[in-house]
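Shown next, in structure tokens, is the structure this report addresses.
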């Protein structure tokens, strides 16, 4: 094998490794967000207190890249769990008051989705919110489901 071929192979291997690393850094998909929501709902049904603690601490498999769980009370929309470290200050806030940088009342939309019957998953789309790794708001969609007296959601970034 000549030097030119060795260089081409080495460059190709390096490019593939960088591509794989870049892919690993990408955010979660809609399917992964939905799967995490299903897991979160099961955890709340099994032990609500433990589940909310895990969501807030980003433990127990309830955090993956930019995917995380959030929950609020069905009655008063008070946020009780939020796995995004850039938004911890929102815990205890009435979610219905939340608007994104463009003025979209996404908190009200999430609350409305959380009022649907248990077992019904609703997707709220087109709002801006910060990723766990970056406080800059970017487009996001979230799946939301009511579970007992709270509703939980998991969003994915576009």
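The values are calculated or read from the model by the stated rules, or taken from the named source; none is laboratory data. What you see is a predicted model; the values in this text were computed from it and never measured. Every residue, glycine among them, receives a Cβ derived from its backbone with ideal geometry; neighbour counts consider all protein chains shown.
Within the stretch 43-62, the set of residues being surrounded by 20 or more Cβ atoms within 10 Å (Cβ to Cβ) and in a loop (DSSP other than H, G, I, E, B) comprises just one member, 62.
In the stretch 24-50, how many residues are closer than 18 Å to residue 73 by Cβ and touching a strand residue (DSSP E or B) at 6+ places or on another chain (Cβ under 8 Å)? The qualifying residues number 6. Per the listing 73, 102, the residue uniquely touching a residue at least 24 places away in the same chain (Cβ under 8 Å), farther than 20 Å from residue 27 by Cα and surrounded by 14 or more Cβ atoms within 10 Å (Cβ to Cβ) is 73. Could you tell me whether the stretch 128-143 includes any residue that is more than 17 Å from residue 30 (Cα to Cα) and in contact (Cβ under 8 Å) with a residue 60 or more places away in the chain? Taking every residue of the stretch 128-143 in turn, at least one turns out to be more than 17 Å from residue 30 (Cα to Cα) and in contact (Cβ under 8 Å) with a residue 60 or more places away in the chain. Does the stretch 18-40 contain any residue that is modelled with pLDDT of 95 or more, surrounded by fewer than 18 Cβ atoms within 10 Å (Cβ to Cβ), in contact with a helix residue (DSSP H, G or I) (Cβ under 9 Å, 6 or more places away or on another chain) and assigned to a helix (DSSP H, G or I)? Looking for residues that are modelled with pLDDT of 95 or more, surrounded by fewer than 18 Cβ atoms within 10 Å (Cβ to Cβ), in contact with a helix residue (DSSP H, G or I) (Cβ under 9 Å, 6 or more places away or on another chain) and assigned to a helix (DSSP H, G or I), one finds none in the stretch 18-40, hence no. Going by the structure shown, is residue 109 buried (at least 17 other Cβ atoms within 10 Å of the Cβ) and without any contact (Cβ under 8 Å) to a residue 24 or more places away in the chain? Considered against the rule, which asks whether it is buried (at least 17 other Cβ atoms within 10 Å of the Cβ) and without any contact (Cβ under 8 Å) to a residue 24 or more places away in the chain, residue 109 comes out as yes.
Looking at the stretch 63-158, the strands (runs of 3 or more DSSP E) lying wholly inside it that each contain 3 or more residues that are over 19 Å from residue 35 (Cα atoms) sit at 122-131, 134-147. Screening the candidates 90, 82 for the property of being free of Cβ contacts under 8 Å to residues at least 60 places away in the same chain and within 13 Å of the chain's Cα centre (by Cα) yields one hit, 82.
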